[in-house]
Every structure is written in structure tokens, then in C-alpha cells.
Amino acid sequence: MNYAHLKEELIEYSKTIGIDKLGITTADPFLSLKDRLIAQQENNFASGFEHSNIDERVDPRLSVQQARTIISIAVAYPSKLKNPPKSLPGKRRGFFSRSSWGVDYHDVLNERLKKLEAFLEARCGPEAMMRMVDTGALSDRAVAERAGVGWSAKNTFIITEEFGSYVFLGNLITTIPFPVDKPLEDLCGSCTKCIDACPTGAIVEPGVLNAQVCLSYQTQTKGFMADEFRSKIGNHLYGWDTCQLVCPYNKKIPQPAHKEMEPDPEKVKPLLLPLLSLSNKEFKREFGHMAGSWRGKKPIQRNAIIALAHYKDQTALPKLVELMHDDPRPVIRGTAAWAIGKIGDSKKEENELLIAKKREEDQEVLEEIDKGLTLLGFAVEK
């Protein structure tokens, strides 16, 4: 079989099914990546969301024994919201990052990869193949870099020449011996805008991210958010885009025409107060199709409370008092108590916090109540 010709056919077919860029690399181990991953763990920079087995992350043949090549795909996503609803006093809104606009990209890319599989099986027979989108063993970025889809930028994203870094990545490991592509030149040069703009210093050096202090990671945690991050996330409910927004390669890029990626403005900039009353069923119905829903409603609702505190939205106080007294989840009770202290300015809020303190048994919630009282100027006994 003429695999060079098959590759050309594959690239042309990929364009018809909504794949914006395709590159191919060998299935050889990613040896230099292993050292970086070990250092990441030793420095406690990992988020904990990564695949746990480092050997599987760097050696494709531990996933597909006879693997010869890896197909890397990129699907561009929009970065501009058309007609965004305004956040107004009494009707404050939160924000989902661009990676959560439209239908969950895991589903979108998996469907496109399935079509590539079917295309190749029709021409090559039952070759061994494995799809991976974000949650697989391999590093999507390492594969994309070696396959020439883009270069690995200082902000740790892959930057493509055509779409900047606003691309989702996916892989297809295969036993087909395709000709491979060459990596692209790193064009970041001396630019450090992403590093300079990071509000927590999470990009500790070019290409090295401390995920533990990245605000995108912080919005996805389920416990209490550390005070140092509450003051920085603003109205963000999920994810963080600053290190992409400041990148020169993301200026004046074309907006892709993928229907699945088109954002619903009311979903990506939702009203904050209604979020706090959603049941699990309602949350799944309203937001379950979005990538930002993967951790469930609790982190989103916690972040919504922090956002209301950021706005100092006094219309939220009755709901926050209700949550502090009645919500079964300690993280929500405690965060609500802290937010009451941030927003409130009267004896009424102080009394509500003192009532909650007498009833509360959870130690972390009690600490948050004390924070709220201190913010109101009440002298808390230590």
C-alpha cells in the first residue's frame, strides 16, 4: 500500500469532517517528556487530574503494542462571544472559560476520531487503533508538538500558526506506518506576555506550569478555595483564559465555524443567583453538555458565591444566609458565611453569622464563619 498517498487522502477527508489540522508522528517513546513529568511530580506541580502512570504517558506502545504512528488532530474553538449579556447590579453574571463553550470537546473530538478510524479501516482492514482526547494516557500536547501541529508555548499550550492556541487536541494511535511530519519552529521568541500576565505566578518558567496555583485548576477543585485565590478569580466559574488572551498569536485569528462549538451566551455567562438554587437534575439539564460541568455543580456553585462576593452584591445576601444555615454541604455553607462577611455591612449579617456559629459543628465551616465575622469588624475570640 502507498501510505504516503493514504496520508494525503486522510488529510483531505479530515477537512470534510471538521478537523482543522492533522499531523502524524512516530509511536516512539517521548523520552524527554518523562524527565519533565518526574520533575513535575517532585515539585508538586501536578494537578492530580493527569493519568497516573508516567511510563504509559510517555510510551505509546504500552497502549497499542504494535503501534507505528500517532495521528494528532486539532479542532479550533471560538474565542469571541457574540452579543454577550451584560452583568448588571442585582443581575450579576459568572463566566465559563472558552474551553467550555458549546458541546463538551471530549465528545466532539471523539466523534471525529471515530470517523477517522472508520475511514482507515475501510482502506487498511482491522488495524489496531486507540483514540485519546485529554483523558487518555498520552500527553496531547507532546504528540501535537512532535507531529508538527503546533509548537509548545511558554504558557504550556500548543500554538498553531492558523488558529493560535484556541484548539482542542486529540490523538489516534495506530499500527499503520504513515510517513511522519516534522516539528515546527518555536516562534515565541523573547515574548513573556503570558508569564507576566499570570496573576498567581503559575507559569514558573517558560513551558513549566505549577498547576496547583493555576486559577483554572483552582476553579475545578471541590474543597474550600484558599483565600489567596478567592480574591483573584473574580467572576470565573470554570477555567481561566488570561495566558491565552494576552498571546500575540491569538490576535486577529479566524473564528471557526463548528456548530457544536458555538456558545450559548446565557450558558457561558449565566446569572449567578439562579445557579445557587439548581438541583443536580437541573444542573445537568442546563450545563451537563459543557466541558465545565465535569466536576459537578458544587465547584460551580462555590465559585458563584465567590463571584457574588467579588461584586459585593447585596441582593444575594438573603440567599447566602439561607445557604449558610441550611445547605448540607460544608463547602457551600462555609463559603456563603465568608461571602456574607465580604458583602454585608450591618448588624443583621453579624447576627446571622453568630447564630450559624452556635449551630455549626464542622470545624472548617466555623473557621469560615469567623472569617466572615472578622470582615464585618466583629472581634472574634481566638
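The values are calculated or read from the model by the stated rules, or taken from the named source; none is laboratory data. Since this is a predicted model, take the numbers as computed values, not measurements. Here Cβ is always computed from backbone atoms with ideal geometry, including for glycine, and neighbour counts include all displayed protein chains.
Could you tell me how many of the residues in region 175-200 are outside any helix (DSSP H, G or I) and touching a helix residue (DSSP H, G or I) at 6+ places or on another chain (Cβ under 7 Å)?
The total comes to 9.
Among the residues of region 48-55, is there at least one that is touching a residue at least 60 places away in the same chain (Cβ under 8 Å), under 27 Å from Leu113 (Cα atoms), hydroxyl-bearing (Ser, Thr, Tyr) and surrounded by fewer than 17 Cβ atoms within 10 Å (Cβ to Cβ)?
Scanning region 48-55 turns up no residue that is touching a residue at least 60 places away in the same chain (Cβ under 8 Å), under 27 Å from Leu113 (Cα atoms), hydroxyl-bearing (Ser, Thr, Tyr) and surrounded by fewer than 17 Cβ atoms within 10 Å (Cβ to Cβ).
Could you tell me whether Leu6 is farther than 14 Å from Thr174 by Cβ, surrounded by fewer than 19 Cβ atoms within 10 Å (Cβ to Cβ) and in contact (Cβ under 8 Å) with a residue 24 or more places away in the chain?
No, not satisfied.
Please indicate, with yes or no, whether at least one residue in region 151-169 is farther than 24 Å from Lys251 by Cβ and modelled with pLDDT of 95 or more.
no
Could you identify the single residue in Lys298, Lys232, Lys284, Lys267 that is basic (Lys, Arg), modelled with pLDDT of 95 or more and assigned to a loop (DSSP other than H, G, I, E, B)?
Lys232
When region 193-203 is examined, which residues are found to be over 17 Å from the mean Cα position of the chain (by Cα) and within 11 Å of Thr156 (Cα to Cα)?
Across region 193-203, the qualifying residue is only Ile195.
Kindly indicate whether Ile70 is in contact with a Pro (Cβ under 9 Å, 6 or more places away or on another chain) and more than 30 Å from Lys319 (Cβ to Cβ). Outline the logic, then answer.
Details: in contact with a Pro (Cβ under 9 Å, 6 or more places away or on another chain): yes; more than 30 Å from Lys319 (Cβ to Cβ): yes.
When the stated conditions are applied, Ile70 passes them.
Give the residue, chosen from Leu275, Leu237, that is in contact with a Phe, Trp or Tyr (Cβ under 6 Å, 6 or more places away or on another chain), surrounded by 14 or more Cβ atoms within 10 Å (Cβ to Cβ), closer than 18 Å to Ala336 by Cβ and not assigned by TED's automatic domain parsing to the domain that holds Gln363.
On the way: Leu275 fails: in contact with a Phe, Trp or Tyr (Cβ under 6 Å, 6 or more places away or on another chain).
When all the criteria are applied, what remains is Leu237.
For region 12-45, what are the residues that are among the polar types (S, T, N, Q) and either assigned to a helix (DSSP H, G or I) or not assigned by TED's automatic domain parsing to the domain that holds Ala147 (or both)?
Ser14, Thr16, Ser32, Gln40, Gln41
Please work out which one of (1) over 24 Å from Asp104 (Cβ atoms); (2) touching a residue at least 24 places away in the same chain (Cβ under 8 Å) is the condition Gly201 fails and give its number.
(2)
Quick one: what pairs do we get from region 282-306, first residue within 17 Å of Ser97 (Cβ to Cβ) and outside the structural domain of Trp338 (by TED's automatic domain parsing), second outside any helix (DSSP H, G or I) and among the polar types (S, T, N, Q), C-beta under 7 Å, 6+ apart or different chains?
The qualifying pairs are Arg295/Gln220; Pro299/Thr219; Pro299/Gln220; Pro299/Thr221; Asn303/Thr219.
Do we have Ala144 as touching an Asp or Glu at 6+ places or on another chain (Cβ under 6 Å), buried (at least 17 other Cβ atoms within 10 Å of the Cβ) and small (Gly, Ala, Ser) here?
no
Name, by its number, the condition in (1) farther than 25 Å from Pro299 by Cβ; (2) not assigned by TED's automatic domain parsing to the domain that holds Ile19 that does not hold for Ala76.
Condition (2) is where Ala76 drops out.
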